[in-house]
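Derivation of every value follows stated rules applied to the coordinates shown; laboratory data play no part. As the structure is a prediction and not an experimental result, all values here were calculated from the model. When we count neighbours, we look across all protein chains shown, and the Cβ atoms used for this are built from the backbone with ideal geometry, even at glycine.
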Amino acid sequence: MSIPPSEASALRLVNLSELPKDWQWLRESFRAQLPDWHHVSAQAMPRRWPLGGSRETRWRATAEARHLFASHRGRNILVSHGPRPATYWGWFGSGRVDAHDVYSFNFTELPIGIERRAVARAFRSVTRFVVSSIWERELYADYFDIPLSRITFQHWGVQAPEIAVDSARLIEAPYVCALGSQARDYATLAEAMRKLPHLRLAIVATPDSVRGIRMPDNVEMHVNIPYARAMQLLQHSELMVLPMNDVNARCGHVTAVAALHLGVPTVSTNCRGLDDYLRQGDTAVVTPQGQPEELAKAIDGLVADGPRRASLGQRGQAFARAHCTETAVIDSFRRSLLERGLLGS
């Protein structure tokens, strides 16, 4: 049941992000209940200082969000996306908010020294942090001195990639693929593929993520290609390989969930940040990190076992549809607002 327009209009929500200005995160799902909804993007902010760069646009986005709250007499909800917008709000935001939720709270590299202390102070006013792995709850709670009760785990939830069933294969021969650039161990994967000359690998990554790595002849690179093309490569592959460069890496969720949604089985190296998605023998095959022999053995064994690939893909897809959807995020956000009395039932 939607709350009356007069009551709903007393509640203002501002999204603060570094994503494109036309990105509207969940807005359509809450249009009736939260009509006073705004998106403030650092990307859309003008640059007026010669050396301001991204610092200037983040500051201007924070100032715009602050202005929206200052001009509103009702209740205010700030939803920032990622640590940077949340940090800038903590440093420069003086507008009154009744709740500040931070989604996609994740650090590929943790700040150290003075920056760590400054960031921790900025997070003191946040009421709810949302992370994509259970392990990260205690990690960030300890590192930034955040009460654990303020950090919520939510599976990475997105719409499944939309790919036509009859989409053309970009590579005709059977192949395996690897996607992504953050915290990847492509050096180990290259060594594994040298042991598998009968297999073909397509890597979708940035130049920096493979810089200095000598790839064997059975590996081809696809650099900075469109997302739709990357998903086509993923969809038609025999399996995806996800080689992480650290057991404690805190990324890879986007790629892992895309493969799960598409029913593509995954061979991953052990990574605590992915334990909630890639479970050994259930939704993936998991190997020790940094061991090319074990990685090659897992890839070769799974490529040769069609029924096992199908089983892993089916279980992975069922898992993604149950836990990793945009609907799950919508429901979780709605529950959190109801529990705090910020939304009518």
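Under a Cβ-Cβ cut-off of 14 Å, what is the net charge of the residues other than TRP49 that fall near it, where Lys and Arg count +1 and Asp and Glu count -1? Mind dumping the intermediate values first?
Working: positive: ARG47, ARG48, ARG55, ARG58, ARG60; negative: GLU56.
After counting each charged neighbour, the total is +4.
Using the Kirkwood radius built from alpha carbon pairs, what does the Stokes-Einstein equation give as D for the chain at 20 °C and 1.002 mPa s, in µm² per second?
Roughly 98 µm²/s, to the nearest whole number.
Taking 7 Å along the Cα-to-C-beta vector as the label spot, tell me the GLU138-GLU172 distance in nanometres, rounded to one decimal.
5.3 nm
Let me check I've understood the local charge: for GLY95, count other residues with C-beta under 14 angstrom from its C-beta, Lys and Arg +1, Asp and Glu -1. What total comes out? Please list the in-between numbers first.
Details: positive: ARG12, ARG66, ARG73, ARG75, ARG96; negative: GLU64, ASP98.
Summing Lys and Arg as +1 and Asp and Glu as -1 gives +3.
If r is the Cβ-Cβ distance from ILE225 to ARG321 and R0 is 30 Å, what FRET efficiency results, to the nearest 0.05? The partial results should precede the final answer.
Numbers: r = 27 Å, r/R0 = 0.89.
It comes out at approximately 0.65.
Which three extents, in whole angstrom, do the alpha-carbon atoms of the range 131-213 cover along their principal axes, largest first?
Here the spans come out as 52, 36, 21 Å, largest first.
With the cut-off at 17 Å, report for the range 51-101 the share of all Cα pairs above it, as a whole percent.
Details: 381 of 1275 pairs.
In whole percent, the long-distance tail amounts to 30.
Would you mind giving the average projected area, over all directions, of the Cα convex hull of the range 176-323 in nm² with one decimal? Intermediate results must be reported in sequence, preceding the final value.
On the way: hull surface 30.3 nm².
Projected area, direction-averaged: 7.6 nm².
For q = 0.23, 0.28 Å⁻¹, what log10 I(q)/I(0) does the range 192-254 give under the Debye formula with an equal point scatterer on each alpha carbon and no solvent?
-1.27, -1.45
Using Cα pairs under 8 angstrom and six or more residues apart, how large is the relative contact order of the chain, in percent? All intermediate terms of the calculation are to be shown ahead of the outcome.
Details: 627 pairs, mean separation 46.7, N = 345.
Relative contact order comes out at 14 percent.
Pick from LEU196, LEU179, LEU312: which is most flexible by mean-square fluctuation in a GNM of the chain where alpha carbon atoms under 10 Å apart are linked?
Answer for the Gaussian network model of the chain: LEU196.
Could you give the length gained on full extension between ARG340 and GLN314, defined as 0.36 nm per residue of separation minus the Cα-Cα distance, in nm? Could the numbers behind the result be given before it?
Details: separation 26, 0.36 × 26 = 9.36 nm, distance 3.75 nm.
Full extension from ARG340 to GLN314 adds 5.6 nm.
State, to one decimal in nm, how far the label point of ASP98 lies from the label point of ALA44, with both points 7 Å from Cα in the Cβ direction.
So the label points at ASP98 and ALA44 sit 2.4 nm apart.
Could you give the distance between the Cα centres of the range 214-249 and the range 141-157, to the whole Å?
If you average the Cα positions of each part, the centres end up 30 Å apart.
Express in nm, to one decimal, how much length is gained between ILE163 and GLU293 on full extension, taking 0.36 nm for each residue of separation and deducting their alpha carbon distance.
Details: separation 130, 0.36 × 130 = 46.80 nm, distance 3.39 nm.
Extending this stretch completely gives an extra 43.4 nm.
If you place +1 on the Cβ of every Lys and Arg and -1 on the Cβ of every Asp and Glu, how big does the dipole about the Cα centre of the chain come out, in debye to the nearest 20?
Result for the chain is approximately 1140 debye, rounded to the nearest 20.
Can you compute 3J(HN,Hα) from phi for each residue in the range 242-251, using the Karplus curve 6.51 cos²θ - 1.76 cosθ + 1.60 with θ = phi - 60°, rounded to whole Hz and x for Gly and Pro?
Using θ = phi - 60°, the values come out as 10, x, 8, 8, 7, 4, 9, 4, 10, 7 Hz.
Relative contact order (percent) for the range 176-323, with alpha-carbon contacts under 8 angstrom and 6 or more residues of separation?
Values: 276 pairs, mean separation 36.0, N = 148.
After rounding, I find 24 percent.
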